[in-house]
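Everything on this sheet refers to the single structure shown next.
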Amino acid sequence: MQSTSALTLCQQVKTGSKALDSALKISGGVITLRSTKQKWLSKLAAGILVLNYKKNSSSLLLNWLDYHQRYWSLDLDYLIKIGNGIGIESEELVRSIIIHRCFSRDNIESPEFWAALGTLPKELRLVVLDSFTELYESDPVKEENKPKIFPASMFNRLVSKHDAIGIILDYSKKTINPYLAQISSVIIEFKHDEGLYAQVIKHPYLADPLIEIPVAGQQILKRWTK
Amino acid sequence: MKTDGWLINSFEKQSRLYLRFKTTQGNKLDLLVNSLHYFYLVPKKNMVEELAYKISLHPNVVKTEIELKKTRILSDSLEPVLKISINCPENSKELETQLRNIEGVLELAETKLPYYFKFIADNQLSFFKKYEIAYNNEEYVNAKEIGEQEPDNLVLASLIQVKGLLALKTQESNVEYVTKNNLNYALRNIDILFASWFNENQIRKKLIPAGLIHCDLREDVRADMYFEINEKDNVETLDGQIILGKRRLTRLIELSRITGVKPDIITKITPGSLNTFIHAIAAKQKGFLVPDKKKLVEAPKTLLELMAVDKGGTILYPSPGTYENVAKCDFASMYPSIICKYNISPDTLNCSCCSENKFMIKGIDWHGCRKIEGIIPTGLEPVLLRRLKLKHLKKQAINAQEKQELNDRQGALKTILVTCFGYLGFSNFAFSNVECKEAVVLIGRFVLEQSIDIANEMGLTPIYGIVDSLFVKNGNKEQYEEFVKKVSEKTGISLELNCIFKKIAFPQSSDGSWVANKYYGITNEGEIESRGISLRHSDSCKWLKEFDKRIIPIILSEDNEKELLIYLNSILNEFSRQIRENDVCLKDLAITKRIRGKISEYTSNAPHLVAYRQLPTQDNHSKFIYTTEGPKPIQLTNLNNIDKKKYQTLLQHELEALCKGITKQNS
């Protein structure tokens, strides 16, 4: 039986685009949005945060980013502008969005990081992760690093704990990580050549995924094979 | 046995650590250290003894010892940890991997700190300090510090490649030609070698004797943003290398002494990384383990809170125009001073030990600790105080050479200070903490705002301010001196009167907006000081700088707009004619830019890179001219093929940049 909060969330996640909204009508879980255009996707995520605002509830934005490339990536002016446009007071809006930043894989793989998220308000509607792969592609691999399964599963657990909807932004040019693909209920890939179009790769209403999602190819560290 | 001398280097031979001393008699003394390489292991609760026994059975482990250490930055409590001493540092990586997989092991610590560094830190030694050295059959016993005096008997040499042979020269000797086979022998009496010939680590390790300090001048200068090369400094000749090398030696000595990093490593690491070492020493002194990985995470904040704390420094934009009798006041090392004065450190920010009388940080409900000095201020304060002392000595020095040496020394320490703030937020720095960085900026904003208030109270008018600098007018010299004194006392951060401008101009940007960091003025001493224009840019050509030097006094002295425009046009025409008629020296048109990385790694087609690819140089500087065939190195250009239109355009842009918002025509 679905919980009350899940039923409540079985509305569409508003994105500002009717076409996209119709694909994001789910009861919960993780939605992965893929695009190589970081600024564009980040703006879309900012819009999602605002459009899905609800009084007395919070959204969480996890910022996992390369410090040197884009320290302050959230377009505040844009966020507030959309909010004002649909009648949300600026202070209310910025109070409702919680931000947690990480600039290194060491952080997202540490228990202390995930413990800090344990103090968040229970009424968390939306958890946005910007982004999943950036730290993996910018940080050098150390022997003690954990594979992507770890943060993906911790994110999934966080979303389930709060009965929220999770949105993961993935800017990587490579094929989607297999485990990320597995935990996502919906995967949408945006293409920007000759106009913008969105491809629904995975969806609960699709019998099979649109394209083959690899199940092998996860990088395996030596110590995981011992 | 005992003797006096200086610790100048350390090296490893067959997995054992040696310290190299230079005695006062001029002899080299290599002493074996009877100490093992070690690192720490943090166990789960109640598992330390079990792990101590298990791990001691490992063939690479010589012994395990239980010690009490502070394992968490945010806690003062001592916890039992294992100190693991090993016999083969080369196999330590494999051992570390195995240990991490053992049940009950939380983490390892201090595996990334070099062997020699830990020994130096644990025994409170410093490179280039004078000691009374006790030893027994070439084995080190101890060293007692007997003075700050630096060694004066180091043998310096330089090496360059000449037509397939290697030419070696010391300060006193003639040139000696050697081959790779006898290089090791030829270097036996040398303490410091300046050479850029060794392209790979493998060659360097094979050919340079252990213990010799090797300084690759090209690499060393490339990394140093504050070092100004003189005409005599030359990496391509033997004598030039020694002259430059002597200057770099003062830097090596200053940095090696204060950071505990051995001198030949100083030339190979970034200035920012030196922060890691000074704070590692501070952490060890305070009983903290130096973690391998950064564990501190930023606390989740609402966007409202983040907007309140995550700000940059205060900027008071100047209204475009010219002003008279303006004092330029600078805070000395503002952010490092704030870190030390307000005790900003991850282990002390928002401490639980101070309930009353804490340093409150304006703008946020955070405080600094008044009881315990944090790791960051402990590491930084000696650097700050030493630099202030050197600057003071430089002001008092009369001799030009002494002034330059003191300037090189204080410049060396400046590199640590200017990077320490950024390092506070750097993800790979074990002690970094974004909240500390935010706290420093908030305090800095408050300090500048307080200074503006004090200026207003004194009847002075602030016209421009940027982070740690404030320009005020409407006073005389005594009032300005009184102002900086009042601000220094009130804020606790030293504000200095840098200079007084007879007249200063703040132009607009090309799109008409007000802009910070762009001005030019003439001081009471008749000197031109500027920011943001070609005169100040190190990569601008000499010809444009000459243009600035001609134009600026006229703009600042001529009040009649009509007359001013006539003068400006006449100078513009004069410089245009020089280009049109080739009446200019080619080297004065050259633009020089440093190439910081390997040229093969650059993908851009910026003019300096396009030119450098055509003719790479030993000193990693691209000196190029705009020609009708695109940018070319100066060596491949002559006056007949310069791109005259390009230089005319640069001239026009320069004039506009200087006059925009100053003259009515260009407002």
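The values are calculated or read from the model by the stated rules, or taken from the named source; none is laboratory data. Owing to the predicted nature of the structure, the values given are computational and were not obtained by experimental measurement. So basically every Cβ, Gly included, is an ideal-geometry build from the backbone, and we count neighbours across all protein chains shown. Heavy atoms of the whole protein, side chains included, go into the accessibility calculation; ligands, DNA and RNA do not. Shrake-Rupley method; radii C 1.70, N 1.55, O 1.52, S 1.80 Å.
As a length-normalised measure over Cα pairs under 8 Å and 6 or more apart, the relative contact order of chain B settles at 11 percent.
What do you get for chymotrypsin sites (Phe, Trp or Tyr not before Pro) in region A:39-130 restricted to DSSP loop and a cutoff of at most 12 other Cβ within 10 Å of the site's Cβ? Sites meeting the loop and neighbour criteria: A:Trp72.
Size of region B:102-217 from its Cα atoms: along the principal axes, largest to smallest, the extents are 60, 43, 29 Å.
Counting only DSSP H runs of at least 4 residues, each contributing -39500 (n - 2.57), and dividing by the residue count of chain B, the helix-based mean residue ellipticity at 222 nm comes to -11500 deg cm²/dmol.
Could you look at region A:28-225 and say what percent of its accessible area is carbon and sulfur, using a 1.4 Å probe and all protein chains? Ligands and nucleic acids excluded, carbon and sulfur give 53 percent. The GluC sites (Glu not before Pro) of region B:330-406 that meet both conditions, a loop assignment by DSSP and at most 12 other Cβ atoms within 10 Å of the site Cβ, are B:Glu356.
With both labels modelled 7 Å from their Cα along Cα-to-Cβ, the B:Thr302 to B:Ser570 distance reads 6.6 nm.
The value obtained for region B:303-530, namely the Cα convex hull volume divided by the number of residues, is 160 Å³ per residue.
Contact with the other protein chains removes 10 Å² or more of accessible area, compared with the isolated chain and a 1.4 Å probe, from these residues of region B:92-128: B:Thr97, B:Arg100, B:Asn101, B:Lys112. Inter-label distance, B:Gln614 to B:Lys144: 6.7 nm, where each label sits 7 Å from its Cα along the C-beta direction. Pairs of Cα atoms nearer than 8 Å and 6+ residues apart set the relative contact order; for region B:214-336 it is 16 percent.
If you wrap the tightest convex hull around every Cα atom of chain B and split its volume per residue, you get 200 Å³. Diffusion of the protein assembly as shown by Stokes-Einstein, at 37 °C in a medium of 0.692 mPa s and with Rh set to the Kirkwood radius over alpha-carbon pairs, works out to 104 µm²/s. Along its principal axes, region B:537-660 has C-alpha extents of 54, 28, 20 angstrom, given from the largest down.
Cα-Cα over 27 Å: which of B:Lys93/B:Lys284; B:Lys205/B:Lys403; A:Lys55/A:Lys81; A:Lys55/B:Lys294; B:Lys54/B:Lys118? Exceeds cut-off: B:Lys205/B:Lys403; A:Lys55/B:Lys294. In this calculation the C-beta distance from B:Glu581 to B:Ile554 is compared with R0 = 30 Å, giving a FRET efficiency of 0.85. Straight-line reach from B:Lys593: taking Cα to Cα under 24 Å and skipping same-chain neighbours fewer than 8 places apart, the lysines in range are B:Lys232, B:Lys268, B:Lys414, B:Lys518, B:Lys542, B:Lys545, B:Lys549, B:Lys623, B:Lys632, B:Lys644, B:Lys645, B:Lys646. Computed on region A:28-225, with alpha-carbon pairs under 8 angstrom and 6+ residues apart, the relative contact order is 31 percent.
For chain B, with all protein chains in place and a probe radius of 1.4 Å, 47% of the accessible heavy-atom surface sits on carbon or sulfur. Here the extension length gained between B:Ser77 and B:Ala606 equals 185.0 nm, from 0.36 nm per residue of separation less the Cα-Cα distance.
On a 0 to 90 degree scale, rounded to 10, what angle separates helix B:238-259 from the longest Cα axis of chain B? The angle comes out at about 60 degrees.
Among the GluC sites (Glu not before Pro) in region B:119-152, those placed in a DSSP loop whose Cβ has at most 16 other Cβ atoms within 10 Å are B:Glu138, B:Glu148.
Which of the residues in region A:102-116 show a loss of at least 20 Å² in accessible area from their chain by itself to the complete set of protein chains, at a probe of 1.4 Å? Residues shielded by partner chains are A:Phe103, A:Ser104, A:Asp106, A:Asn107, A:Glu112, A:Ala116. Taking 0.36 nm per residue of separation and subtracting the current Cα-Cα distance, fully stretching the chain between B:Ala400 and B:Glu50 would add 119.5 nm.
Could you compute how fast region B:40-118 diffuses translationally, taking Rh as the Kirkwood radius over C-alpha pairs and applying Stokes-Einstein at 10 °C with viscosity 1.306 mPa s? Give it in µm² per second. Once the numbers are plugged in, D ends up at 123 µm²/s. Burial of accessible area (probe 1.4 Å, heavy atoms of protein chains only) in region B:421-435, relative to its chain alone, reaches at least 20 Å² for B:Gly425, B:Phe426, B:Ser427, B:Asn428, B:Val434.
Taking a straight Cα-Cα cut-off under 13 Å and skipping sequence neighbours fewer than 8 places away in the same chain, the aspartates and glutamates within cross-link reach of A:Lys173 are A:Glu134, A:Glu137, A:Glu189.
Averaging the Cα positions of each part gives two centres, and for region B:235-265 and region B:59-82 these lie 37 Å apart.
Buried accessible surface for the A/B chain pair comes to about 2500 Å², total over both chains, computed with a 1.4 Å probe.
Between B:Glu172 and B:Lys542, the simple spin-label model (points 7 angstrom out along Cα→Cβ) gives 3.9 nm.
Per residue, the solvent-accessible area of the protein assembly as shown (1.4 Å probe, heavy atoms of protein chains only, all protein chains present) comes to 47 Å².
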